[in-house]
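Input: a single structure, listed below in structure tokens.
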Amino acid sequence: MTTTGALGGSAAVGDAVRGVRGVTRPFSVYAVLANSLFQRGVFVLYLQQRGFSAGQVALLQTLIYLVSGLAELPTGVISDRIGRRASIVIGQVLIAGCLLGQAASTSYWMFVALFVGHGVGMACVSGSDTALLYDLLVRRGATAGYVRIRSRFTMLGTVTSGVAIVLGGQLQRFSWGIVYAGSALCLVLAVLVLLARVPEIRGADAVDEADEGDERGEGDGPVKAPRDATAWRALLRVATPALVTLAVVSGLMHATLTPYIIFTQKTLSDQGAGAGLVGVVIAAGFFAGGLVPLLSDRVHRRFGYRVVVPVSLLALAAALGLSGLGLVQVTIAAFLVLVGIPEITAVLVDNVLNEAVPSRHRASLLSMIAFVESVLIGTGYLVLGALMDGMGSGVGMAVYAAVPLLGCLLWLPVLFRGARVTAEAEKPADR
């Protein structure tokens, strides 16, 4: 009996490992293709060559995040209804079409329409990709490895982005059409990988054990609402003060990091760095941001998200403050050393949020959280841009450090009082 049991256990473990690999391999290919956006590091130059002012470019960039935020709620519901994979496919195809349109357009108002479409496409993908990955791991009983798996995908995505930025800078010497058409082609190939290798999951199909137990009235947690409960009711059930705080603080972190990465190009230029050096620094920042998340699983087990969240916010505040000194070497060093830390936090927070929300409405709830982040990022672009225009790039950066510091203050009650993010007992991720 012992031998049979051991063989049976080994076979079960082997099947589980193969099942997880069946998920991670196509997702790895998808992550590489979906992040092969060659225009990402040079699109500002392209828009300037089209005759658009810096203010017009900033407005387009703000518009894409605000539209994405507004579209998060309906696209999240659609993702739960028609399927996570279908939502991703629609979003990526829409983005690919908008990129091709940007390559052929010259009118600013046409670019406004294309950026609006791009924002809707981003909303279709946002929330659905992580929900699809998490629910596939739920099916295979492998959610304990989500942080490690998600960190690898983050690494693949950001490193690929860095390589694509370098290639995009070289390809634009030949033709902007090659840059944008190449990006669109990679997105289409990513879609084909999903359709061929990744199964579809709808909200109704993605009920994990915790959901089922709660629907039967079993378990230690409170009895959940019936199976036809809306996403809004599900949100009210899981929206503890700590979870709401986490969503807002995470949004402030992204509202600092995203504009900081983009506007560092201008800061370095104002401090005397040439265009070539700026491109190298930004690409190196993407590489650093891609490799650092590999530490997520170790940091997760040793410190937990409660400690890492304020550390990331303080790192961003320090980077912004150091950029205000006006020394190009200091700005470069701060950017390269500190820009990767929030990437670890993003992986840990993503894990906490996935664990906190029920599977049936996971995409909808994650889209609601992404809505908060998108609005804060769009607002952050406007605020930091106005500060840099009014005070200079360095001083404007330093003043904007107040945003991550505000996030730290909001997080202090969760850090010191030990408030629970989930309405039930703490998940293993917080141990």
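The values are calculated or read from the model by the stated rules, or taken from the named source; none is laboratory data. As the structure is a prediction and not an experimental result, all values here were calculated from the model. Neighbour counts are summed over all protein chains in view; Cβ atoms, including those assigned to glycine, are modelled from backbone coordinates with ideal geometry. In case anyone asks, the SASA skips ligands and DNA or RNA and just uses the protein heavy atoms, side chains included. Shrake-Rupley method; radii C 1.70, N 1.55, O 1.52, S 1.80 Å.
Projected over every direction and averaged, the convex hull enclosing the alpha-carbon atoms of region 97-139 yields 3.2 nm². Simple spin-label estimate for Phe416 and Val93 gives 5.4 nm between the two label positions (7 Å along the Cα-to-Cβ direction from each Cα).
Extents of region 159-204, largest first, come to 48, 21, 17 Å (Cα atoms, principal axes, whole angstrom). Over region 280-345, accessible surface divided per residue gives 41 Å², non-protein components excluded, 1.4 Å probe.
Three principal axis extents of region 30-182 based on alpha-carbon atoms, in descending order, are 53, 32, 22 Å.
Here the label points at Met110 and Gln48, each 7 Å from Cα along the C-beta direction, are separated by 2.3 nm in the simple model.
Under Stokes-Einstein, with the Kirkwood radius over Cα pairs as Rh, the value for region 62-142 at 20 °C and 1.002 mPa s is 163 µm²/s. Judged by the mean number of other Cβ atoms found within 10 Å, the most tightly packed of the peptides 376-385, 99-108 leads the ranking 376-385, 99-108. Our coupling estimate for region 408-416, obtained by passing each phi through the Karplus curve with A = 6.51, B = -1.76, C = 1.60 and θ = phi - 60°, is 4, 4, 5, 7, 4, x, 5, 5, 9 Hz, Gly and Pro reported as x. In sequence order, region 308-318 has phi-based couplings of 5, 4, x, 4, 5, 5, 5, 5, 5, 4, 5 Hz under the Karplus curve 6.51 cos²θ - 1.76 cosθ + 1.60, θ = phi - 60°, and Gly or Pro positions carry x.
For trypsin sites (Lys or Arg not before Pro), the sites in region 118-208 that DSSP calls loop and that have at most 10 other Cβ atoms within 10 Å are Arg173.
Taken one residue at a time, the phi angles of region 342-355 give Karplus couplings (6.51, -1.76, 1.60, θ = phi - 60°) of x, 5, 5, 4, 4, 5, 5, 5, 4, 5, 4, 5, 5, 6 Hz. Gly and Pro are set to x.
Once the convex hull of all Cα atoms in region 246-322 is built, its volume per residue stands at 90 Å³. Quick one: pull the percentage of alpha-carbon pairs in region 296-418 with a separation above 18 Å. Summing the P(r) of region 296-418 above 18 Å gives 61 percent of all pairs. Within region 51-105, all pairs of alpha-carbon atoms sorted by distance into 5 Å bins from zero give the percentages 4, 16, 17, 24, 18, 11, 7, 3, 1.
Applying 1/(1 + (r/R0)^6) with R0 = 35 Å to the Cβ-Cβ distance of Met391 and Ser175, what FRET efficiency is obtained, to the nearest 0.05? Plugging the Cβ-Cβ distance into 1/(1 + (r/R0)^6) gives 0.35. Overall, region 244-368 carries a charge dipole of about 280 debye about its Cα centre when +1 sits on the Cβ of Lys and Arg and -1 on the Cβ of Asp and Glu, all other atoms neutral. With 0.36 nm allotted per residue and the present C-alpha distance subtracted, the Ser269-Arg25 stretch has 83.8 nm of extension available.
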